[in-house]
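The structure appears right after this line, and notes come after that.
The values are calculated or read from the model by the stated rules, or taken from the named source; none is laboratory data. Values in this document were obtained by computation on a predicted structure and should not be read as measured data. Cβ atoms come from the backbone with ideal geometry, glycine included; neighbour counts cover every protein chain shown.
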Amino acid sequence: MLSSQLIHIFMAAVVLLVPGDAQSTCPGAIGPQGPPGSNGLPGMPGQRGIQGEKGDHGPAGLPASQDAKLQHDLKELKWRITRMESALALNGKIVIAGSKLFATTERTADFDNTVRICKAAHGSIASPTNKEENDAVMSFVKEFNTYAYLGITEGHVPGEFQLMNGKPLRFINWYKNEPQGKGAEKCVEMYGDGTWNDKACDKYRLIVCEF
Ligand code: MMA
Ligand code: CA
């Protein structure tokens with residue numbers, strides 16, 4: 001009996017003396033603010049902004065003639081190209097004539113295919129316009145012992161030949177009594193001595209292109 005009375009007194013003391021419990025059930029002053037919560041997930045990316053204004057011009061560059069690095073690079077580039085041309089020329093792959101470069105595929109084709117093949121190689125069928133260029137083409141004709149078609153064709157007037165590239169035909173090197181096809185031979189082939197003959201276009205001739 002005594003022990004149950006003691007329990008009641010103890011319980012009453014707990015209710016009256018423990019402060020936390022009393023504050024949670026009774027209205028009182030608002031406590032201090034808690035620490036910020038953990039950050040949430042990042043939001044969606046925003047829309048692209050409008051383009052900004054064009055910036056100021058950078059500092060002006062050196063004139064090419066005074067740019068030492070550029071001049072050095074240019075010199076090396078020229079040297080490398082010349083060296084490569086010499087190496088290719090050594091094996092008869094190309095012949096340089098002034099500003100033109102002539103090359104053969106070492107194969108034969110009719111006129112239309114020769115034009116096509118040279119174009120596909122970003123060049124054009126050999127069209128010599130002076131002795132130096134004519135000699136360059138001749139060197140291939142001799143080397144491969146095969147005549148070559150030139151980029152020269154007969155116009156509407158029989159016996160009137162023109163360069164395919166539209167330039168006037170100033171340099172000519174016809175073999176004696178040529179051209180004599182009278183409209184029946186609309187293409188031009190080069191002989192082994194470099195002279196020209198008007199000829200039917202469907203023969204197989206050495207492919208020589210110029211670049
Ligand atoms: C062939 C032909 C002509 C050329 C004469 C030269 C007979 O025809 O190649 O184009 O003019 O020979 O004799
Ligand atoms: Ca002829």
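Would you list the strands (runs of 3 or more DSSP E) that sit entirely within the range 146-211 and hold 1 or more residues that are among the basic types (Lys, Arg)?
Passing ranges, in order: 196-199, 205-210.
Quick check on the range 54-63. Is at least one of its residues more than 21 Å from LEU150 (Cβ to Cβ) and surrounded by 10 or more Cβ atoms within 10 Å (Cβ to Cβ)?
yes
Name, by its number, the condition in (1) of a type in the set (A, V, I, L, M, F, W, C); (2) within 16 Å of ligand 1 (Cβ to nearest atom); (3) touching an Asp or Glu at 6+ places or on another chain (Cβ under 7 Å) that does not hold for PHE102.
If we test PHE102 against (1) of a type in the set (A, V, I, L, M, F, W, C); (2) within 16 Å of ligand 1 (Cβ to nearest atom); (3) touching an Asp or Glu at 6+ places or on another chain (Cβ under 7 Å), just (2) comes out false.
Just name the residue that is nearest to ligand 1 (Cβ to nearest atom) out of those in the range 196-211 that are farther than 24 Å from GLY159 by Cβ and of a type outside the set (Ser, Thr, Tyr).
Restricting to residues being farther than 24 Å from GLY159 by Cβ and of a type outside the set (Ser, Thr, Tyr), the top hit is LEU206.
What number of residues within the range 168-189 satisfy the criterion of being modelled with pLDDT of 95 or more and away from ligand 2 (no atom under 12 Å from the Cβ)?
5
Sort out which residues of the range 172-195 are more than 10 Å from ligand 1 (Cβ to nearest atom) and crowded, with 21+ Cβ neighbours inside 10 Å, and write them in order of number.
Listed by number, the list holds a single entry, MET190.
What pairs come out if I take residues in the range 165-181 that are closer than 10 Å to THR195 by Cα and pair them with residues that are more than 10 Å from ligand 1 (Cβ to nearest atom) and polar (S, T, N, Q) whose C-beta lies under 9 Å away, six or more apart or interchain?
Here the result reads ASN173/ASN134; ASN173/THR195; TRP174/THR195; TYR175/THR195; LYS176/THR195; GLU178/THR195, each pair linking the range 165-181 to a residue that is more than 10 Å from ligand 1 (Cβ to nearest atom) and polar (S, T, N, Q).
Output the residue which, of all residues in the range 97-126 that are in a strand (DSSP E or B) and of a type in the set (Lys, Arg), is surrounded by the fewest Cβ atoms within 10 Å (Cβ to Cβ).
ARG107
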